[in-house]
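What follows is a set of notes on a single structure, which appears directly below.
The values are calculated or read from the model by the stated rules, or taken from the named source; none is laboratory data. Being a predicted model, the structure only gives us computed values, none of them experimental. No Cβ is skipped: glycine too gets one built from the backbone with ideal geometry, and neighbour counts run over all protein chains shown.
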Amino acid sequence: MDAIRWQETSLALLDQTKLPTQEVWEDYTDYRKVADAIRRLVVRGAPAIGIAAAYAVCLAAMELRDLDTHSFRQEMDKAIKALAASRPTAVNLFWALDRMKLTLSAAGGTPEAIPVLVQEAEAIHREDIAMNRKIGQYGAELVPEGARILTHCNAGAIATGGYGTALGVVRAAHSAGRVSMVYCDETRPLLQGARLTAWELVKDGIPATLITDSMAASLMAQGKIDMVFLGCDRMARNGDFANKIGTYGLAVLASYHAIPFYTVLPSSTIDMSIPDGSHIVIEERAPSEVTHFAGVQTAPDGVGVYNPAFDVTPHQLLTGIVTERGVIHPPFEERMAALFE
Ligand code: MRU
């Protein structure tokens, strides 16, 4: 299962806004349209955004290849800035663009760099899938026989290069015969849990139950959740992390009910340059995502709306961090530094 395919001179993206009812792939040759697709959540999920942006840099270079060296460099700079402006929270976007920028300058900063840029974008894509597989192996070791797992938003194959982070753990644990149920929060306002996670799980034949976001507390109180695995958009070096809005609430609930709570991420999601979560920029999205439901108005004109796409969970609420290099337990700051610096 995947959502991003490079086709030599174009990028194909599975339009995630149309799931689960329609599986539509669109071809992109214009990097501006890829930036717009990232903004509109046609492609979404931290690692997937980074991969799509890396391929978009290749598309920009192909479009600009006939310019003289000076103009080529100037226009490439503009293209990279336009891609960086698409969404602010997931650090994978900036991490992937930095890799592409370095590759371009190391290859001379001219259109001759195009094959090397393509190789780099493909490497970012391939490495992400490999990291997810490793993450799955490490994470599955935490899962006991018969586990009932809760997840939030979509940290699956389509949010990554393939396989998934939190859903990578679920997939690996399910293959090992240890998963009895995966509860997916529907994830208001854009329903990534209902539309995307439930779709992935049903497609893979993994037992799945959809709940609305407000049901998690009651399920935990009834003893029906054994552990929580969810994704991450940016982790600060002390372990504080941003993920889909609602994650922080789940962390508080899990702590109250003494339920193990894990975030799952590749190293490309760790931002060692920031000391804690207060430095993470949280994207605010359009009020219409909250005042309308599937195009139907559900709130009165004139009401104020607050619509942050993410929240920050303090590291104290985390049981552990599952990465491609292993599972990190507290104290996070020194253990992350030892693994990733
Ligand atoms: O707004 P989205 O759908 O891009 O938010 C996605 C998430 O919050 C995911 O949990 C996160 O990006 C990790 S994806 C492996």
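Would you check if ALA166 is crowded, with 24+ Cβ neighbours inside 10 Å, at pLDDT 95 or above, within 29 Å of VAL327 (Cβ to Cβ) and within 13 Å of the ligand (Cβ to nearest atom)? Yes: the conditions hold for ALA166.
Of everything listed in (1) over 29 Å from ARG133 (Cβ atoms); (2) in contact with a Phe, Trp or Tyr (Cβ under 7 Å, 6 or more places away or on another chain), the single unmet condition for ALA258 is (2). Mind checking which residues of the stretch 149-187 are over 11 Å from the mean Cα position of the chain (by Cα) and among the polar types (S, T, N, Q)? THR151, SER175, SER180, THR187, listed by residue number. Taken over the stretch 172-191, the residue count meeting the criterion of being out of contact with any Asp or Glu (no Cβ under 7 Å at 6 or more places or on another chain), surrounded by 20 or more Cβ atoms within 10 Å (Cβ to Cβ) and not in a loop (DSSP other than H, G, I, E, B) is 7. Being of a type in the set (Val, Ile, Thr), farther than 30 Å from GLU333 by Cβ and touching a helix residue (DSSP H, G or I) at 6+ places or on another chain (Cβ under 7 Å) holds for only one residue in VAL169, VAL182, VAL202, and it is VAL182. From the list LEU83, LEU93, the one residue that fits, being within 16 Å of the ligand (Cβ to nearest atom), over 21 Å from LEU196 (Cβ atoms) and surrounded by 22 or more Cβ atoms within 10 Å (Cβ to Cβ), is LEU83.
Every condition in (1) acidic (Asp, Glu); (2) away from the ligand (no atom under 15 Å from the Cβ); (3) not assigned by TED's automatic domain parsing to the domain that holds ALA54 is met by GLU122 except one, and the failing one is (3). Which residues, taken from the stretch 12-29, are more than 20 Å from LEU201 (Cβ to Cβ) and over 19 Å from the mean Cα position of the chain (by Cα)? Selection gives VAL24, TRP25, GLU26, ASP27, TYR28, THR29. The set of residues from the stretch 231-289 being buried (at least 17 other Cβ atoms within 10 Å of the Cβ) and either outside the structural domain of LEU219 (by TED's automatic domain parsing) or aromatic (Phe, Trp, Tyr) (or both) comprises PHE241, TYR248, PHE261, TYR262. Restricting attention to the stretch 298-326 and to residues that are charged (D, E, K, R) and within 22 Å of the chain's Cα centre (by Cα), the residue that is farthest from the ligand (Cβ to nearest atom) turns out to be ARG325.
From the set of residues in the stretch 211-230 that are within 24 Å of GLU324 (Cα to Cα) and surrounded by fewer than 24 Cβ atoms within 10 Å (Cβ to Cβ), which is nearest to the ligand (Cβ to nearest atom)?
Step one: of the stretch 211-230, the residues within 24 Å of GLU324 (Cα to Cα) are 226-230.
So of that shortlist, the ones also surrounded by fewer than 24 Cβ atoms within 10 Å (Cβ to Cβ) come out as 226-227.
Details: ASP226: 20, MET227: 16 Å.
The extreme case among them is MET227.
Can you confirm whether VAL170 is in contact with a Leu (Cβ under 7 Å, 6 or more places away or on another chain) and in contact (Cβ under 8 Å) with a residue 12 or more places away in the chain? Against the criterion (in contact with a Leu (Cβ under 7 Å, 6 or more places away or on another chain) and in contact (Cβ under 8 Å) with a residue 12 or more places away in the chain), VAL170 does not qualify.
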